[in-house]
1. Any chance the range 48-64 includes a residue that's over 26 Å from Gly244 (Cβ atoms), out of contact with any Lys or Arg (no Cβ under 7 Å at 6 or more places or on another chain) and surrounded by 15 or more Cβ atoms within 10 Å (Cβ to Cβ)?
2. Please report, ordered by residue number, the strands (runs of 3 or more DSSP E) entirely within the range 161-227 with at least 3 residues that are touching a residue at least 60 places away in the same chain (Cβ under 8 Å) and among the aliphatic types (A, V, I, L, M).
3. Out of the range 228-239, which residues are touching a residue at least 24 places away in the same chain (Cβ under 8 Å), open to solvent by 60 Å² or more (accessible area, probe 1.4 Å) and over 22 Å from the mean Cα position of the chain (by Cα)?
4. Given Phe134, Phe126, which one is among the aromatic types (Phe, Trp, Tyr) and surrounded by 23 or more Cβ atoms within 10 Å (Cβ to Cβ)?
5. Across the range 240-250, what is the number of residues that are open to solvent by 60 Å² or more (accessible area, probe 1.4 Å) and either of a type in the set (Asp, Glu) or farther than 17 Å from His58 by Cα (or both)?
6. Of all residues in the range 59-77, count the ones that are outside any strand (DSSP E or B), touching a Phe, Trp or Tyr at 6+ places or on another chain (Cβ under 9 Å) and at negative phi.
7. Somewhere in the range 190-200, is a residue in contact with a Pro (Cβ under 6 Å, 6 or more places away or on another chain) and open to solvent by 10 Å² or more (accessible area, probe 1.4 Å)?
Amino acid sequence: MGPLVISSSFLLYLFLLLSAVRIHVQANGWLNAHATFYGANQNPTSLGGACGYDNTFHAGFGVNTAAVSTMLFRGGEVCGACYQVICDYQTDPKWCLRSRSVTVTATNFCPPNNHGGWCDPPHHHFDMSMPAFFRIARQGNEGIVPVLYRRVACKRRGGVRFTLKGQSNFNMVMISNVGGSGDVKGVWIRGSRSGTWLPMHRNWGANWQSSADLRNQRLSFKMTLVDGKTLVFLNVVPSTWRFGQTFSSHNQFF
């Protein structure tokens, strides 16, 4: 058997592939990324973005929110997840505040421009609300800072919230204020007259849809998070519900 010959083009391809999926991990488990902030307008109706949260205060998230890059967004699955972010003072002592951290909820998507921008793959990037950004960085003309981040459990007040949207037999439910890992993997809905759990499908971000006509029925939900934890929310919505209403459960993920 002759010697194995590996072409230079294959090695280049392998290098680019590894570069695209590389994640820099610190010895203590933190991951490297960069952060910016967007706009002076912190109206809570403008912070929900691609996740579809109508109002981040009503959703239970406040103003400590962030739009995340493609590598983190995962087609909307990350919506509602929480990240602890610290400015990397060792790398940028001029603009980073030492030993400051902020926990943000992913509520929006930072789209790539495909020209080497910070939100292009393979970058991990947080485009944060202004209040969140200035909890870890100094105010000035520096538009971007290096950060370290890690996933953390979401601590929410009250129960999971269900906002009913749609019309007639098109039910769309926005799910918010989810604790635990915060990111929802699967949702099922059941009407009080049907007795059968019907799978819902992610329409976009935190909005899940079903084509069943469940009007004038009490509604129950079953929900599984990305980490595998499952809860059942029995009769959380009364039979007198109307589209546009929000109902809060007594159950919560921890």
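1. Yes: the range 48-64 contains one or more residues that are over 26 Å from Gly244 (Cβ atoms), out of contact with any Lys or Arg (no Cβ under 7 Å at 6 or more places or on another chain) and surrounded by 15 or more Cβ atoms within 10 Å (Cβ to Cβ).
2. On the way: elements: 161-167, 170-176, 184-191, 201-204, 207-210, 219-225.
By residue number, no strands (runs of 3 or more DSSP E) qualify.
3. Once the filter is applied, which keeps residues that are touching a residue at least 24 places away in the same chain (Cβ under 8 Å), open to solvent by 60 Å² or more (accessible area, probe 1.4 Å) and over 22 Å from the mean Cα position of the chain (by Cα), the range 228-239 yields only Asn235.
4. Exactly one residue qualifies, and that residue is Phe126.
5. Qualifying residue count for the region: 2.
6. Counting residues in the range 59-77 that are outside any strand (DSSP E or B), touching a Phe, Trp or Tyr at 6+ places or on another chain (Cβ under 9 Å) and at negative phi gives 7.
7. So in the range 190-200, the residues in contact with a Pro (Cβ under 6 Å, 6 or more places away or on another chain) come out as none.
No: the range 190-200 contains no residue that is in contact with a Pro (Cβ under 6 Å, 6 or more places away or on another chain) and open to solvent by 10 Å² or more (accessible area, probe 1.4 Å).
To keep it simple, each residue is scored yes or no on (1) at pLDDT below 60; (2) surrounded by fewer than 19 Cβ atoms within 10 Å (Cβ to Cβ); (3) over 26 Å from Asp183 (Cα atoms).
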site	(1), (2), (3)
Ser9	yes, yes, yes
Phe37	no, no, no
Gln42	yes, yes, no
Ser46	yes, yes, no
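The values are calculated or read from the model by the stated rules, or taken from the named source; none is laboratory data. In this text the structure is predicted, and so the values were computed from the model without any measurement. Ideal geometry is used to build each Cβ from the backbone, glycine not excepted, and the neighbour counts take in all protein chains shown. Quick note on the areas: whole protein, heavy atoms, side chains included, nothing else; ligands and nucleic acids left out. Shrake-Rupley method; radii C 1.70, N 1.55, O 1.52, S 1.80 Å.
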